[in-house]
Amino acid sequence: MDFLSGINTIKGVGPARAALLAKLGIRTIEDALFFFPRDYLDMTPLNFSQGNEERAGTFPCIIVDSAVDKKSKSGICITIVPVFDGKNRGHAIFFNQPYIKTNFRRGDRIIFTGRVRKNYGEYEIINPEWQRFDELSNEFDRICPVYSLTKGLSQKVLRQIMKEILKNCNAPEILPDEIIEKFNLIPRNVALKNIHFPKSFDMLEKSRERFVFEEILLFQLAMAQTRRELIGDERINRYVDIDIKPILSTLPFSLTPGQKKVIDEIISDLKSGQNMNRLIQGDVGSGKTVVACIALYLAAKNGLQGAFMVPTEILAEQHFMTLERILAPHGIKVDILKGKMTGNIRTTILNNIKTGRTGVVVGTHAIIESDVDFFKLGMVVTDEQHRFGVKQRRELIKKGHHPDIIVMSATPIPRTLALVLYSDLDISIIDTVPSGRQKVDTYVVGNDMRKRVYDFMVGEIEKNHQAYVVCPAVEENEMNVSNVEDLYMRLKKEYPDLKIQVLHGKMKNEEKDRIIKDFLSKKIQVLISTTVIEVGVDVPDATLMIVENAERFGMAQLHQLRGRVGRSNLKSYCILISDSKEEAARSRLNYMMKCHDGFEISLKDLELRGPGEFFGLRQHGFFELKLANHIKDLKLLENIKMLAVDIIERDKLSLKEYKPLAQSLNEKIFKRI
Ligand code: ADP
Ligand code: MG
């Protein structure tokens, strides 16, 4: 089986299904194999009394009466199917599936899978999946995969497709035996089969371990290799002029003690005999940009160019304006490079960069296009949105002249974890925020308060402020969590005068940029979105952040969301809506009310949820860790890092048994897409 052949070569996949699968990013057989389930159903049969609302269970039932349809007040068709689970009576309830009742006759034996709740003393299972007893062969899957879906594609169909692929699949091993043995891993092909259709929960765990290991190893290899190949140790670019008084005197504020300390660390790097390779951490709003700006100033004053790479065009524009305002008065020409630029403008800028007229260039990954040549790039700054920008960083470093490196991390990460994740970087922490900032008042409320929350929002809008609303999902979904599209319709109906817009990751970049611009210029008052707005943008008049199904987010992420408001001297609020009764979720949310320090929050997250939380934050990026949120402890991370460094230092990638690994590294990380 050729992993790279199109998904349409699989039995049961015609053009229509291929198009739906493409929406999920599945174009080839390999894409499908690595489209891992987002969850699993335990199909061990239960009674309703053993079910609950938090997690789906499996309930074999007999249909005891004919199904009836009802219309709800809002016009939704509700189908009620009376069932008996062997002990209790109950109802299977379906929304808006008027034809479904034709499937059920009195006496039919059906297995329902779903969440169970009690309504006025009666058990209800809501929108369950179902299958007939007699459809089940003897080898039915006790553990059933649950995939992320798109409209028009069902779990049943996707499972069938996966089964079909796995039937003939024999994935080659990429790790050498010595590593597999030393770390007690299962073979890749076995892991692949079991990650989709686990034979047992134990095998599922082992399969995850195997892929987590692989992802993190590749990432660490990339870091180690980049350091050795492209950065080196010995300083080539000399810094003679390290006077920062001129630039300090033109800043509109004086630096905080934390900023001063980090700048001192940078200067001592630049004076040393070694290249700088530094991670700058700081809480949201701690003022990282100006610190990078001062480093870029020094580079320019010493005859070097600087590049500042950011993940989105909006951020590029914001940073460009900031840097130009600060640097231009000192005779440093700042330019911006964006994806859409064409023709003369682009040619002129490229020429400026090549001849050295440009002192500092700010931009998106347009900076790493192959036709961008620098005169003498000596300072590379990347503002890390996706934590694993290792690929882009590498491309930019390649364009440089023994450049010094600054990486800025968007989310505060506990020191212990940062040391491992960013293995080769020295770490600086800005541990103060500019004075005069107010803390963002944070509340946790139940769904019953929703109306009041949104009325409060209207009050803020009437004051000419703006609001964000964040949902965990984009469209209607099987997880029963609120989604951007539905909420948009509801709020539109309820508050027709408000200017509301939606924003999510499935939109095209240009569209996203336009919407954020409209929000900045107040053409939009309320922005409903997924976590795409998590990082970076500065909208000073936004004073309210509402998070729906807040239990779905990690604390570090909630803190980052909260950081979108309270960016001026206006009083700001963050309202976390959640009905979760789960104790862990409650205590996380309550902690958010008390604590406003990003580092403390991330430390707590590390304690409660393990290091995985810090991998799972970003859903996109060139190198996306899909599984690493299952990593259990720091120790393993550290061991993998040591392994990677050892492989690179002893040049093992050139050995025969390391060839498949070297190839994977090349394909997954080093190759330009
Ligand atoms: P972050 O660390 O989240 O990237 P920014 O660099 O965007 O933060 O800075 C947040 C805001 O704080 C900006 O508007 C910036 O101009 C302002 N700022 C930065 N440093 C100071 C300071 N020392 N005093 C007052 N305001 C500052
Ligand atoms: Mg920033």
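Output the antiparallel fraction of DSSP beta bridges having both residues in the range 44-140, as a percent to the nearest 5. Percent antiparallel among DSSP bridges in the range 44-140 is about 85. Shown here are the Rg and Dmax of the Cα trace of the range 449-602, at 14.7, 41 Å. Compared with the dominant principal axis of the Cα atoms in the chain, helix 257-271 is inclined by about 60°. Only Cα pairs under 8 Å and 6+ residues apart enter the sum, and on that basis the relative contact order of the chain stands at 12 percent. Taking Cα atoms only, the orientation of helix 313-327 departs from the longest principal axis of the chain by about 20 degrees. Exposure proxy for Cys574, Cys144, Cys471: other Cβ atoms within 10 Å of each Cβ, ordered fewest to most, give Cys144, Cys471, Cys574. Computed about its Cα centre, the charge dipole of the chain is approximately 1060 debye, with only Lys, Arg, Asp and Glu carrying charge at their Cβ. For the range 284-359, trypsin sites (Lys or Arg not before Pro) are listed when DSSP marks them as loop and at most 14 other Cβ atoms sit within 10 Å of their Cβ; the list is Lys340, Arg357. Restricting the range 224-278 to trypsin sites (Lys or Arg not before Pro) that sit in a DSSP loop and have at most 15 other Cβ atoms within 10 Å of their own Cβ leaves Arg238. Among Met408, Met321, a tally of other beta-carbon atoms within 10 Å of each Cβ gives an order, fewest to most, of Met321, Met408. Of the three principal axes defined by the Cα atoms of the range 44-140, the extents in descending order read 43, 27, 20 Å. Distance distribution note for the range 123-242: the fraction of Cα pairs above 25 angstrom is 49%. Scanning the chain for chymotrypsin sites (Phe, Trp or Tyr not before Pro) that sit in a DSSP loop and have at most 13 other Cβ atoms within 10 Å, the longest stretch containing none of them is 254-673.
Take 410-416, 508-514, 376-382 and order them by the average number of nearby Cβ atoms within 10 Å per residue, most first; the result is 376-382, 410-416, 508-514. When the Cα gyration tensor is reduced to axis lengths a ≥ b ≥ c, the ratio a/c is 1.5 or higher for the range 198-279, and with a/b not above b/c it is classed as oblate. Three principal axis extents describe the C-alpha atoms of the range 262-354; from largest down they are 42, 32, 25 Å. For the range 67-133, applying the loop criterion from DSSP together with a ceiling of 16 other beta carbons within 10 Å to the trypsin sites (Lys or Arg not before Pro) yields Lys73, Lys87, Arg105, Arg106. Take every DSSP beta bridge whose two residues both sit in the chain; close to 35 percent of them are antiparallel. In terms of overall dimensions, the C-alpha atoms belonging to the range 353-499 reach 59, 39, 36 Å along their principal axes, ordered largest to smallest. Based on the reciprocal of the average 1/r between different C-alpha atoms, the Kirkwood radius for the chain equals 27.5 Å.
In the chain, the calculated helix contribution to ellipticity at 222 nm averages -11000 deg cm²/dmol per residue, counting -39,500 (n - 2.57) for every DSSP H run with n ≥ 4.
Taking other C-beta atoms within 10 Å as the exposure proxy, Ile345, Ile405 rank Ile345, Ile405 from fewest upward. When the Cα positions of Ser521, Cys293, Gly436 are compared along the charge dipole of the chain, Ser521 comes out farthest toward the positive end, with charges on each C-beta of Lys, Arg, Asp and Glu.
Every number in this text was worked out from the coordinates using simple rules, so none of it is lab data. Every value quoted in this text rests on a predicted model; they were computed, and no experiment measured them. Note: ideal-geometry Cβ built from the backbone for every residue, glycine included; neighbour counts use all protein chains shown.
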